[in-house]
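> Mind having a look at this structure? Questions to follow.
The values are calculated or read from the model by the stated rules, or taken from the named source; none is laboratory data. Since we're looking at a predicted model, the values are computed, not measured. Heads up, the Cβs are rebuilt from the backbone with ideal geometry, glycines too, and the neighbour counts pull from every protein chain shown.
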């Protein structure tokens, strides 16, 4: 079960039975529009506030996952999820609608993999038959909380990133066929003393590298074991810095196998500067695009490393540095797992 | 506090920050200055045109045309903010769209729109000057200091 210091190896290999992904208008215009189950043309989603729209995003992602998995909501034992808004209200309110027992998580943008790791642990020990896990973010709701009003004309530096409007949820089970969760490495809080909230990639890169290297040490694996090592939302700068760090540490992670969800979701020409970010970024890209690629046989083994910056608007105004975290989960899909 | 923390950075942190700095995309300062000059200039030309408009078509003089011109510019900024255009101009124009009066208007109006969902009193009323409040405070304060200096110089300095 426990391998090394902080890695869980799941003997039962919990199955990701189905997933649900929902996106907004900006995502519909992006590179991965075809991989979303549901896309909205309007940021408001016919709600009165962006926060309510945020809640609907997550509700719909869960409903899609249950629908595709052929499960009624009464059969879902637990929901493990979170988002970026204060007191994670959108997720909690969505779980009020869904009605299943719920554990709220906060890991900033690493919540998706925090949930998947914990969910897989629960399913692996037969703590649940069916379990939903996911994360979501809404561009306007998150910007409102962490930055300036959405319509405020402040120029963003080229290091800034664009918060994804989207939600991704996965239905986990001990039985069935589909991609399997094989192990998870829990991250440490890493703080390299950076203070610029407009350069999250640079702040989060050391946390990602720390977790990835711990994963290989704990599991005694070589990076070449994975077809793809994908980070959550490091963006252009974070990815380059991570590659520099791997080189410096002598970790044999190749440039081609090391990708970032934040660089996949949008196409060139969209004004996202250094890339995408947000809790919904890794959730939608992994549960949508990447698992689709796995089911198509393009990928057999991947390591998903969701990265989160654990700051609040208050903490950076008080001059605190930005502590970061990254959780890694390995997902595998071999010939034997195909339906 | 933040300064103390910077001094207390561990060698590992310092080394990382150096490495990170190399990869960090720099702000294109010269380019930004040119764009700001262009956008700011265009906004001022529009303002000038409106000023002449009021002088030629209405009964205003160069001294009295300030108020209606400012009002019109703020109204235009409000429309552009409401239609979601001003923030795009600002991403291109930077200081060029932030420094003129329209930028101040945008700061007030965007906050008002943003907090509409929390109601008119606590939402719009309480947050409208969230960004512009410090501009008003320090603007009035520095005006007060300058006025004091001027008064002292004219009263006792014999100017």
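> What are the residues in segment A:118-150 that are without any contact (Cβ under 8 Å) to a residue 24 or more places away in the chain and buried (at least 21 other Cβ atoms within 10 Å of the Cβ), if any?
A:149
This table checks each residue for (1) at pLDDT below 95; (2) surrounded by fewer than 16 Cβ atoms within 10 Å (Cβ to Cβ); (3) within 14 Å of another protein chain (Cβ to nearest Cβ).
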| position | (1), (2), (3) |
| --- | --- |
| A:279 | no, no, no |
| A:285 | no, no, no |
| A:288 | no, no, no |
| A:291 | no, no, no |
| A:296 | yes, yes, no |
| A:301 | no, no, no |
| A:304 | no, no, no |
| A:316 | yes, no, yes |
| A:319 | yes, yes, yes |
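> When you check residue A:209 against the structure, is it part of a helix (DSSP H, G or I), buried (at least 24 other Cβ atoms within 10 Å of the Cβ), out of contact with any strand residue (DSSP E or B) (no Cβ under 9 Å at 6 or more places or on another chain) and within 14 Å of another protein chain (Cβ to nearest Cβ), yes or no?
No, not satisfied.
> For segment A:135-174, which positions are in a strand (DSSP E or B) and over 27 Å from residue B:97 (Cα atoms)?
Passing the criteria: A:135, A:136, A:137, A:166, A:167, A:168, A:169, A:170, A:171, A:172, A:173.
> Which residue is farthest from the other protein chains (Cβ to nearest Cβ), if the candidates are limited to segment B:112-123 and must be under 15 Å from residue A:48 (Cα atoms) and assigned to a helix (DSSP H, G or I)?
Only one residue tops the list, namely B:120.
> Kindly establish whether residue A:106 is away from chain B (no Cβ under 14 Å) and within 19 Å of residue A:16 (Cα to Cα).
no
> Let me ask something additional. Can you name the residue in segment A:206-228 that is in contact (Cβ under 8 Å) with a residue 60 or more places away in the chain and touching a helix residue (DSSP H, G or I) at 6+ places or on another chain (Cβ under 7 Å) and is also nearest to residue A:332 (Cα to Cα) among such residues?
The qualifying residue nearest to residue A:332 (Cα to Cα) is A:208.
So that you can scan it fast, the table gives a plain yes or no per residue for (1) part of a helix (DSSP H, G or I); (2) over 30 Å from residue A:272 (Cα atoms); (3) at the interface with another protein chain (Cβ under 9 Å from one of its Cβ atoms):
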residue	(1), (2), (3)
B:49	yes, yes, no
B:69	yes, yes, no
B:74	yes, no, no
B:91	yes, no, yes
B:107	yes, no, yes
B:110	yes, no, yes
B:133	yes, no, no
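> Would you check if there is a residue in segment B:63-75 being in the same structural domain as residue B:103 (by TED's automatic domain parsing), surrounded by fewer than 11 Cβ atoms within 10 Å (Cβ to Cβ) and on the phi < 0 side of the Ramachandran plot?
yes
> Identify all residues within segment B:93-104 that are facing chain A (nearest Cβ under 10 Å) and in a helix (DSSP H, G or I); write none if there are none.
Hits for segment B:93-104 are B:93, B:95, B:96, B:97, B:98, B:102, B:103.
> Going through A:193, A:202, A:235, A:176 one at a time, which residue ends up being more than 14 Å from chain B (Cβ to nearest Cβ) and either touching a residue at least 12 places away in the same chain (Cβ under 8 Å) or touching a helix residue (DSSP H, G or I) at 6+ places or on another chain (Cβ under 7 Å) (or both)?
That would be A:176, the only listed residue that is more than 14 Å from chain B (Cβ to nearest Cβ) and either touching a residue at least 12 places away in the same chain (Cβ under 8 Å) or touching a helix residue (DSSP H, G or I) at 6+ places or on another chain (Cβ under 7 Å) (or both).
Residue-wise test of (1) more than 22 Å from residue A:202 (Cβ to Cβ); (2) in a helix (DSSP H, G or I); (3) facing another protein chain (nearest Cβ under 10 Å); (4) in contact with a helix residue (DSSP H, G or I) (Cβ under 8 Å, 6 or more places away or on another chain).
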{"site": "B:36", "(1), (2), (3), (4)": "yes, yes, yes, yes"}
{"site": "B:53", "(1), (2), (3), (4)": "yes, yes, no, no"}
{"site": "B:56", "(1), (2), (3), (4)": "yes, yes, no, no"}
{"site": "B:63", "(1), (2), (3), (4)": "yes, no, no, no"}
{"site": "B:84", "(1), (2), (3), (4)": "yes, no, yes, no"}
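> Here's another thing I want to ask about it. Mind telling me which of the residues B:94, B:119 ends up being on the phi > 0 side of the Ramachandran plot and in contact (Cβ under 8 Å) with a residue 24 or more places away in the chain?
After ruling out the rest, the residue left standing is B:94.
> While we're here: Name the single residue that is modelled with the lowest pLDDT among those in segment A:260-272 being surrounded by 15 or more Cβ atoms within 10 Å (Cβ to Cβ) and in contact with a helix residue (DSSP H, G or I) (Cβ under 8 Å, 6 or more places away or on another chain).
That would be A:270.
> Residues that are touching a strand residue (DSSP E or B) at 6+ places or on another chain (Cβ under 8 Å) and within 25 Å of residue A:178 (Cα to Cα), at least 3 per element: which strands (runs of 3 or more DSSP E) completely within segment A:8-127 meet that?
It comes to A:15-23, A:78-82.
One line per residue, one yes/no per condition, for (1) under 15 Å from the mean Cα position of the chain (by Cα); (2) surrounded by fewer than 23 Cβ atoms within 10 Å (Cβ to Cβ):
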site: A:33; (1), (2): no, yes
site: A:49; (1), (2): no, yes
site: A:81; (1), (2): yes, no
site: A:90; (1), (2): no, no
site: A:101; (1), (2): no, yes
site: A:108; (1), (2): yes, no
